[in-house]
Amino acid sequence: MQQMNLKRFSFSRFMAIVKKEMLQIRRDPPSLVIAIMMPLFMLLLFGYAVNTDVDHISTAVWDQDKSQQSRQLIQELVNTTYYDINWNVNSYKELQDLMDQGKIRAGLVIPPDYSHSLDQKQTAKVQMLIDGSEPNAARTALSNAQLVIQYKDLVIQQSFLEKQGGLRINQPIELLPRVLYNPNMESLIFNIPALIGLIMQNVIAILTAFSLVREKERGTMEQLVVTPIRPLELIIGKLLPYVGIGIFSFSIVLATGVYWFGVPVKGSVLLLIGLSLLFLTTTLAIGMLISTISKTQLQAMQISFAFILPSVLLSGFIFPRETMPVVIQWIGGVIPLTYFLEILRGIFLKGIGLEYLWKETLILSIFAIFICTVAILKFRKKIE
């Protein structure tokens, strides 16, 4: 009889369990906020950030002709809305420097005899320099420039036929494209350096966060606190092994990217290692900060993913940041990975040095100092 009662479903017992779980959820507000608010926040954030359409490409122009025809060509490029003429330069060196600094994605070079060639019914040649380190933007810049030139060719041909009544055989304008840094516009060469930074961030931040939270869950953190060990000694002692893991992980993925995938480091390897250690320090601090906020490993995992997902999409890892709304770009600007990706792609693809990467290095250093300070202060407060 007792066994039959145990087997029979009891609605009162069921409701008691439901009530107990509801009370548990109420006692864990951070998890409740993450479960309810995070999906809405992610949808709004990614809905604006995920954009594969590339337009308003930052462009520099070296107009050596300075004629009505050259100004008309520039205006026709602007009218497509794919090009924003943000710079006017007077040499190839200025174009190269702007492209090395990441300020432009394309550069238009109009020769001094452009209008003269058109007037003489000869082929006028213009050059388009394109930053191939971001293949999607490079393909857009190249294809639309070709379309503009083809359309202008047809207009000039039609105008000639109307005026002369004859057939013009030679091509009025010829576009000479030159893709820099990644001539074949291969996505692999673009993605591998970024993957190195993303893997370092995700692995080290999660390992650090889980390790410290695990100590709190097991109660061993309290045992360490009552020993003569000072807080700073405890913090450094806990983090130092993960510095070693981070360096070892970085060495593996770097060697794999270079020797297995065939993506060479065009710049200084020593500079790459030094700035990677700076980013590693920032990532360790982020992991420690997550651990001080979290009460359980589940919370640490939730917060870690809430940090990792935006960093993947908003840092420029997949989509160009230039295509995102300004507000979303500001949000991406507070993610350290954003600047480390610029450093990685600059050293890997462009072969540039600290003279062009000083701004990203300075911002990353500020992040490292600030996050380390906040994480250490909060951690010391927890254990003292």
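I need a count of the residues in the range 70-95 that are open to solvent by 40 Å² or more (accessible area, probe 1.4 Å), in contact with a strand residue (DSSP E or B) (Cβ under 8 Å, 6 or more places away or on another chain) and not in a loop (DSSP other than H, G, I, E, B).
Of the residues in that region, 9 qualify.
Of the numbered conditions (1) part of a helix (DSSP H, G or I); (2) within 15 Å of Ile173 (Cα to Cα); (3) among the hydrophobic types (A, V, I, L, M, F, W, C); (4) touching a strand residue (DSSP E or B) at 6+ places or on another chain (Cβ under 6 Å), Val148 fails exactly one; give the number of that condition.
So Val148 meets the others, but not (4).
Within the range 113-127, work out how many residues are under 35 Å from the mean Cα position of the chain (by Cα) and either open to solvent by 10 Å² or more (accessible area, probe 1.4 Å) or within 16 Å of His56 (Cα to Cα) (or both).
Counting residues in the range 113-127 that are under 35 Å from the mean Cα position of the chain (by Cα) and either open to solvent by 10 Å² or more (accessible area, probe 1.4 Å) or within 16 Å of His56 (Cα to Cα) (or both) gives 1.
Against the conditions (1) among the β-branched types (Val, Ile, Thr); (2) open to solvent by 40 Å² or more (accessible area, probe 1.4 Å); (3) assigned to a helix (DSSP H, G or I), where does Ile318 fall short? Just the number, please.
So Ile318 meets the others, but not (3).
Just name the residue that is modelled with the highest pLDDT out of those in the range 227-242 that are open to solvent by less than 70 Å² (accessible area, probe 1.4 Å), out of contact with any Leu (no Cβ under 7 Å at 6 or more places or on another chain) and part of a helix (DSSP H, G or I).
Applying the filter and picking the extreme gives Gly237.
Would you point out the residue of the range 51-69, among those that are within 30 Å of the chain's Cα centre (by Cα) and assigned to a strand (DSSP E or B), that is surrounded by the fewest Cβ atoms within 10 Å (Cβ to Cβ)?
Trp62
Filter the range 115-133 for residues that are part of a loop (DSSP other than H, G, I, E, B) and under 27 Å from Gly316 (Cβ atoms); which is modelled with the highest pLDDT?
Gly132
Identify, please: which residue in the range 267-295 is open to solvent by 50 Å² or more (accessible area, probe 1.4 Å) and hydroxyl-bearing (Ser, Thr, Tyr) and is, among those, farthest from the chain's Cα centre (by Cα)? Before the answer, list the steps.
Residues of the range 267-295 that are open to solvent by 50 Å² or more (accessible area, probe 1.4 Å), as a first pass: 268-270, 273, 277, 281, 293, 295.
Restricting the remaining residues to those that are hydroxyl-bearing (Ser, Thr, Tyr) gives 268, 281.
Values: Ser268: 21, Thr281: 19 Å.
Only one residue tops the list, namely Ser268.
When the residues of the range 96-110 are narrowed to those that are touching a Ser or Thr at 6+ places or on another chain (Cβ under 8 Å) and open to solvent by less than 30 Å² (accessible area, probe 1.4 Å), which ends up farthest from Gly346 (Cα to Cα)?
Checking each candidate, the answer is Ile110.
The values are calculated or read from the model by the stated rules, or taken from the named source; none is laboratory data. Since the structure is predicted, the reported quantities are computational estimates derived from the model, not experimental observations. Backbone-built Cβ (ideal geometry, glycine too); neighbour counts: all protein chains shown. Protein only, heavy atoms only, side chains kept; ligands, DNA and RNA dropped before computing areas. Shrake-Rupley method; radii C 1.70, N 1.55, O 1.52, S 1.80 Å.
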